[in-house]
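The values are calculated or read from the model by the stated rules, or taken from the named source; none is laboratory data. The structure presented is a predicted model; accordingly, all values stated were derived computationally and were not measured. Cβ: placed from backbone, ideal geometry, glycine included. Neighbour counts: every protein chain shown.
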Amino acid sequence: MSLFSLYDYTNNQALRLRRFLMALCSYVLFLGVMYYCFLAGFLLISVKGLVGIISASFLFNAVLFFLFITGRNKYFSDPSLTIPQIVFPTLLIIICSYYFSKDGRGVISMLYFVTFMFGIFRLRIGQFISLSFLVLIYYLVMLILLYRLHPERFDLSLDLLRFVVLGIALFWMAVFGGYISKLRASLAKSNSDLQEALDTIEDLAGIDELTNLYNRRRMFQVLDEEKKRGDRQRTIFTVCLVDVDYFKDINDTYGHLAGDSVLKTFAGYLQNELREIDFLARYGGEEFFVLLPHTDLKQAMVVAERIREHAKKMAFPSLPRGTVLRVSIGVTEYHPSESLDSLLGRVDKALYNAKVKGRDRVECLIRYTDK
């Protein structure tokens, strides 16, 4: 799993757990209402039955909490477990408000809409409507049981009216909830598209237009990250500054278009010469910056010499046949905890030494005071 995927997954899990805790608070409120109704005589249920409802609620939520805290919820098609978190409390509300309730059916039944509100986070309109039908089926089953077992509490006209009103309310709740859920999905997609566009802009902002290499701005970002990693993990890395010798003469003799073609061709060559973990950027003008992670000074000198030798064997369509490209290269190794200014100043000094000593050569500096 990539770092981004891990970050995204962790954030999603935290969000799912927060939703679960919100639902858990609703359970506490619901059970508090049930207990009050029991004490007030609105619920015709025994102490044993009330304890059973409380125990079932506790067990159900304990299972959900275990799934969320262990990450096993991600193996379900809906990792948020939205439908189970709606279906179970809905069943409890129906049992308490229609089968055991004496005078508080209308009040207790309002709790349906609290459970359905959680569906706005995930459910589509079709799922909302399916749940609404499930609630109505629950309701009919409770009415049948009530008629068969406690006919004295059964009022056909009143219970039929409640059934119709509940059906209408649930239908519009489903439509509204589905609409809100659709808006959320659309907003999430828009945000995702916007983030993708911003990432693209960020990438383009770090790309050199001529060579398609990273530019100086991106170079400083990567170099800073590598420095922090090196300071934290005590890893080594080296940097090289590659300069095309007498590039001004190429521009003056063959034109700037020919010079641009040389830079693009040489940039492509450098990309092919380096490893995937290496970093290459256009430092400015005819200078290129190379970062070699996990590479000491001796190894970097070998890489730099290979670049210098191979550059002389390259062919450039924009230059006369037989034209030899020569480069000067400065190399230095990062010292733990030093500043980037110090590092870049040293590699720039190494490149300057290569030019002073006749160009077409590789020079390294261990310390800035080296000659």
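If we keep just the residues of segment 142-176 that are out of contact with any Gly (no Cβ under 8 Å at 6 or more places or on another chain) and among the basic types (Lys, Arg), which is surrounded by the fewest Cβ atoms within 10 Å (Cβ to Cβ)? Looking at the filtered set, the residue picked out is Arg148. Answer yes if at least one residue in segment 270-282 is part of a helix (DSSP H, G or I), more than 32 Å from the chain's Cα centre (by Cα) and buried (at least 18 other Cβ atoms within 10 Å of the Cβ), and no otherwise. Yes, segment 270-282 has at least one match.
Candidates in segment 60-98 are the residues that are in a helix (DSSP H, G or I) and among the charged types (D, E, K, R); of these, the one that is surrounded by the most Cβ atoms within 10 Å (Cβ to Cβ) is Lys74.
Flag: Val262 does not match the condition of being β-branched (Val, Ile, Thr), buried (at least 18 other Cβ atoms within 10 Å of the Cβ), in contact with a helix residue (DSSP H, G or I) (Cβ under 8 Å, 6 or more places away or on another chain) and outside any helix (DSSP H, G or I).
Going through segment 317-343 one residue at a time, which ones are more than 38 Å from the chain's Cα centre (by Cα) and either of a type in the set (Gly, Ala, Ser) or surrounded by fewer than 20 Cβ atoms within 10 Å (Cβ to Cβ) (or both)?
First, pick out the residues of segment 317-343 that are more than 38 Å from the chain's Cα centre (by Cα): 317-330.
Listed by number, the residues that qualify are Pro317, Ser318, Leu319, Pro320, Arg321, Gly322, Thr323, Val324, Arg326, Ser328, Gly330.
The residue that is farthest from Phe42 (Cα to Cα), counting only those in segment 83-112 that are modelled with pLDDT of 80 or more and not aliphatic (A, V, I, L, M), is Pro84.
Scan segment 33-82 residue by residue and report those that are at positive phi and modelled with pLDDT under 85. First the steps, then the outcome.
Of segment 33-82, the ones at positive phi are 41, 71, 81.
Once the filter is applied, which keeps residues that are at positive phi and modelled with pLDDT under 85, segment 33-82 yields only Gly41.
Could you check Val242 against (1) part of a helix (DSSP H, G or I); (2) crowded, with 18+ Cβ neighbours inside 10 Å and say which number it fails? All conditions are met except number (1). Looking across segment 321-354 at every residue that is among the polar types (S, T, N, Q) and touching a strand residue (DSSP E or B) at 6+ places or on another chain (Cβ under 7 Å), the one that is nearest to Asp231 (Cα to Cα) is identified as Thr332. Taking Leu223, is it of a type in the set (A, V, I, L, M, F, W, C), assigned to a loop (DSSP other than H, G, I, E, B) and over 23 Å from the mean Cα position of the chain (by Cα)? Taking the combined requirement at face value, the residue does not satisfy it.
Do the conditions hold for Thr115, that is, is it part of a helix (DSSP H, G or I), in contact with a Pro (Cβ under 7 Å, 6 or more places away or on another chain), assigned by TED's automatic domain parsing to the domain that holds Phe38 and modelled with pLDDT under 80? Yes.
Is segment 286-301 home to any residue that is acidic (Asp, Glu) and exposed (fewer than 14 other Cβ atoms within 10 Å of the Cβ)? Yes: segment 286-301 contains one or more residues that are acidic (Asp, Glu) and exposed (fewer than 14 other Cβ atoms within 10 Å of the Cβ). Scanning segment 204-239 for residues that are under 13 Å from Leu291 (Cα atoms) and of a type in the set (Asp, Glu), we see that the one that is surrounded by the most Cβ atoms within 10 Å (Cβ to Cβ) is Glu226. Quick check on segment 157-177. Is at least one of its residues among the hydroxyl-bearing types (Ser, Thr, Tyr) and in contact with a strand residue (DSSP E or B) (Cβ under 7 Å, 6 or more places away or on another chain)? For segment 157-177, residues among the hydroxyl-bearing types (Ser, Thr, Tyr) and in contact with a strand residue (DSSP E or B) (Cβ under 7 Å, 6 or more places away or on another chain): absent. Within segment 163-198, the residues that satisfy the criterion of being under 22 Å from Phe42 (Cβ atoms) and out of contact with any helix residue (DSSP H, G or I) (no Cβ under 7 Å at 6 or more places or on another chain) are Val165, Ala169. Of the residues making up segment 28-59, those that are of a type in the set (S, T, N, Q) and either closer than 17 Å to Ile94 by Cβ or in a helix (DSSP H, G or I) (or both) are Ser55, Ser57.
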